[in-house]
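Chemist: Just dropping this structure here.
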Amino acid sequence: MDSLKLVNVTKLFDNNVALNKISFTLPSKGIFGLLGTNGAGKTTLIGIILGLIDTTKGDVFVFEKNLSEFRYDILKKLNFTSPYLDLPKKLTVKQNLTFYARLYNVLNFDIIEELSEELKISDLLKKQFGSLSAGQKTKVGLCKALINTPKLLLLDEPTSSLDPETSYFVRNFLKNYQKKNHITIFTASHNMQEVEEICDRVIILDKGKLFVDGIPKELISKYNFENLEDLFLNIRN
Amino acid sequence: MFLRIFALIIRYKTLVVGSIPRLISVFWWPSIQIVLWGFFSTFLDSETSSPYSTISVLLTAVILWDVLFRGQLGLTITFFEEIWSRNLSHLFITPLRNFELIIGLIITSFIRTVLGLIPAIFISTYYFELKTFYLGFYFVIFFFNLIITGWSIGFIVSGLVLRYGQSFEELAWAFIFLLLPFSCVYYPLSTLPEIIQNFSIFISPVYVFEGMREIIIQNQTNFSYILKAFILNILYLSVSVYFFYKMIISTRKSGKFLNFGE
């Protein structure tokens with residue numbers, strides 16, 4: 001079963017084209033990257049998959065169900081985190097995670113302890129979310145995004161605010177989590193090295209259009225570049 | 001469904017209980033209103049020879065108006081907390097349905113309003129010797145009519161903020177005071193100029209306050225007031241909830257959910 005299928009997804013904001021007939025399919029397992037320059041349409045695309053933005057034309061199918069018809073069934077199996085969004089600052093980390101567990105109908109709160117241990121944030125559970133550093137917030141955001149054991153996990157620049165050591169930890173965590181739980185991770189990123197390292201396939205958007213879709217190593221050799229960053233910087237010329 | 005509504009209520013409770021400024025906003029203002037108006041009414045009672053107690057009319061009006069005000073603020077502020085904490089996107093990607101959010105906001109507003117009124121009623125009853133419960137069952141009817149009006153305004157304001165941005169937040173405080181002169185809280189409808197009366201008859205709180213005065217001053221009840229207030233309130237609440245739904249749909253089309261709080 002495909003985890004995600006987009007069919008001719010188009011989004012207009014007033015008369016500006018944010019996304020233009022985007023179609024692709026993601027299989028049920030793997031880590032997939034979404035690349036694009038600022039304004040390429042990555043955030044809009046993620047917003048559409050999350051049901052936060054309605055399409056102007058086209059359909060989104062998640063686990064073969066149409067998002068516009070089965071929004072709430074789909075949202076139970078999906079989750080998302082971004083360093084650009086916050087959780088309630090005045091609540092402690094544990095209160096935040098418990099709140100989201102309840103919203104996803106997760107009754108066994110042991111998952112909070114388990115995920116906290118895996119993400120090494122157990123010592124933060126009693127702290128207010130607002131008092132955490134950017135890196136700690138990113139880890140807590142990731143913990144929140146895994147609270148419902150999603151089958152499709154969407155990430156927006158998951159390591160953008162992290163130091164190299166923590167970035168390395170998060171990358172490994174995501175790889176291991178994906179292997180262990182056989183889920184689909186779809187991550188938007190500007191970190192080409194990271195995408196090259198962890199993604200099985202990349203999708204590159206340019207000015208709202210799907211520009212490139214393929215396996216990083218194959219794309220690099222096909223277009224004869226040294227690495228993904230070179231490819232990203234030069235392929236549009 | 002119940003777990004998600006419960007989650008919202010617990011989240012908002014934790015937020016208020018853990019914050020002194022928020023606790024003040026819940027408990028302090030209703031009480032300070034009663035104290036101010038209580039002393040003023042005591043002064044008026046000592047200076048005039050009115051056949052009925054000014055304290056009774058004024059303080060009951062203050063308490064009832066506060067039901068409307070706190071009901072509205074309780075709903076909008078609770079919703080704004082999600083915007084202020086940049087949490088709206090996270091909330092709308094959970095399986096939380098729109099009606100569950102609406103019920104969660106209504107229950108939270110109800111609890112906030114009732115808790116805020118307890119010290120105010122205590123002060124007015126024991127210090128100013130106001131017989132709040134003189135209104136008996138009608139107090140409950142008036143309470144629900146006014147809090148429903150508050151919720152209706154709350155959903156309209158929240159919907160406008162959701163769709164058009166945080167510049168509309170000021171309406172949470174301004175809207176209610178725009179309504180105040182036309183709601184006949186402290187004076188009868190007949191006091192207003194006729195042209196304004198034609199407008200005020202569509203404002204449901206008018207009938208609540210007319211009914212309240214009739215009970216206190218003339219010791220009689222006009223059921224038509226209660227019926228009119230109830231019909232108008234059901235109409236306004238339905239329209240406002242529909243408007244809030246439409247604004248959520250419209251916000252999804254405009255793509256603003258991802259930008260809230262930035």
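Chemist: Take the residues of the range B:33-43 that are more than 17 Å from the chain's Cα centre (by Cα) and surrounded by 14 or more Cβ atoms within 10 Å (Cβ to Cβ): which is nearest to the other protein chains (Cβ to nearest Cβ)? So that I can check it myself, show each step before the final result.
Modeler: To start, the set of residues in the range B:33-43 that are more than 17 Å from the chain's Cα centre (by Cα) comprises B:35-43.
Those still in the list that are surrounded by 14 or more Cβ atoms within 10 Å (Cβ to Cβ) too: B:35, B:37-38, B:40-42.
Values: B:35: 29, B:37: 33, B:38: 34, B:40: 37, B:41: 38, B:42: 40 Å.
Restricting to residues being more than 17 Å from the chain's Cα centre (by Cα) and surrounded by 14 or more Cβ atoms within 10 Å (Cβ to Cβ), the top hit is B:35.
Chemist: Going through the range B:182-195 one residue at a time, which ones are touching a helix residue (DSSP H, G or I) at 6+ places or on another chain (Cβ under 8 Å) and either surrounded by 13 or more Cβ atoms within 10 Å (Cβ to Cβ) or modelled with pLDDT under 90 (or both)? Give the derivation first.
Modeler: Restricting attention to the range B:182-195, the residues satisfying the condition of being touching a helix residue (DSSP H, G or I) at 6+ places or on another chain (Cβ under 8 Å) are B:182-186, B:188-190, B:192.
Listed by number, the residues that qualify are B:182, B:183, B:184, B:185, B:186, B:188, B:189, B:192.
Chemist: Ok, one more. Considering each residue of the range A:176-193, count those that are within 13 Å of the chain's Cα centre (by Cα) and either surrounded by fewer than 19 Cβ atoms within 10 Å (Cβ to Cβ) or under 12 Å from residue A:30 (Cβ atoms) (or both), and give that number. Step through it out loud before you land on a result.
Modeler: Residues of the range A:176-193 that are within 13 Å of the chain's Cα centre (by Cα), as a first pass: A:178, A:183-190.
Still in the list and also either surrounded by fewer than 19 Cβ atoms within 10 Å (Cβ to Cβ) or under 12 Å from residue A:30 (Cβ atoms) (or both): A:178, A:183-187, A:190.
Going through the range A:176-193 one residue at a time, the tally reaches 7.
Chemist: Still on this structure: Which residues, counting only those in the range B:17-32, are touching a helix residue (DSSP H, G or I) at 6+ places or on another chain (Cβ under 8 Å) and either loosely packed, with under 15 Cβ neighbours inside 10 Å or assigned to a loop (DSSP other than H, G, I, E, B) (or both)? So that I can check it myself, show each step before the final result.
Modeler: Going through the range B:17-32, the residues touching a helix residue (DSSP H, G or I) at 6+ places or on another chain (Cβ under 8 Å) turn out to be B:17, B:22-23, B:25-27, B:29-31.
Correct list: B:17, B:23.
Chemist: Limited to the range B:210-262, what total is found for residues that are within 30 Å of residue A:47 (Cβ to Cβ) and among the acidic types (Asp, Glu)? Let's see the steps before the verdict.
Modeler: Step one: list which residues in the range B:210-262 are within 30 Å of residue A:47 (Cβ to Cβ), which gives B:239-262.
If we keep only those that are among the acidic types (Asp, Glu) as well, we get B:262.
Residues that pass the stated criteria total 1.
Chemist: Kindly establish whether residue A:56 is hydroxyl-bearing (Ser, Thr, Tyr), closer than 23 Å to residue A:194 by Cβ and within 14 Å of chain B (Cβ to nearest Cβ). Even if it seems obvious, please write down each step before you answer.
Modeler: Numbers: hydroxyl-bearing (Ser, Thr, Tyr): yes; closer than 23 Å to residue A:194 by Cβ: no; within 14 Å of chain B (Cβ to nearest Cβ): yes.
When the stated conditions are applied, residue A:56 does not pass them.
Chemist: Now a separate question. Surrounded by 21 or more Cβ atoms within 10 Å (Cβ to Cβ), more than 9 Å from chain B (Cβ to nearest Cβ) and out of contact with any Gly (no Cβ under 9 Å at 6 or more places or on another chain): does that describe residue A:97?
Modeler: Considered against the rule, which asks whether it is surrounded by 21 or more Cβ atoms within 10 Å (Cβ to Cβ), more than 9 Å from chain B (Cβ to nearest Cβ) and out of contact with any Gly (no Cβ under 9 Å at 6 or more places or on another chain), residue A:97 comes out as yes.
Table: residues versus (1) more than 10 Å from every other protein chain (Cβ to nearest Cβ); (2) surrounded by fewer than 22 Cβ atoms within 10 Å (Cβ to Cβ).
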residue: B:81; (1), (2): no, yes
residue: B:99; (1), (2): yes, yes
residue: B:111; (1), (2): yes, yes
residue: B:116; (1), (2): yes, no
residue: B:125; (1), (2): yes, yes
residue: B:135; (1), (2): yes, yes
residue: B:143; (1), (2): yes, yes
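The values are calculated or read from the model by the stated rules, or taken from the named source; none is laboratory data. All values derive from a computational prediction rather than experimental measurement. Heads up, the Cβs are rebuilt from the backbone with ideal geometry, glycines too, and the neighbour counts pull from every protein chain shown.
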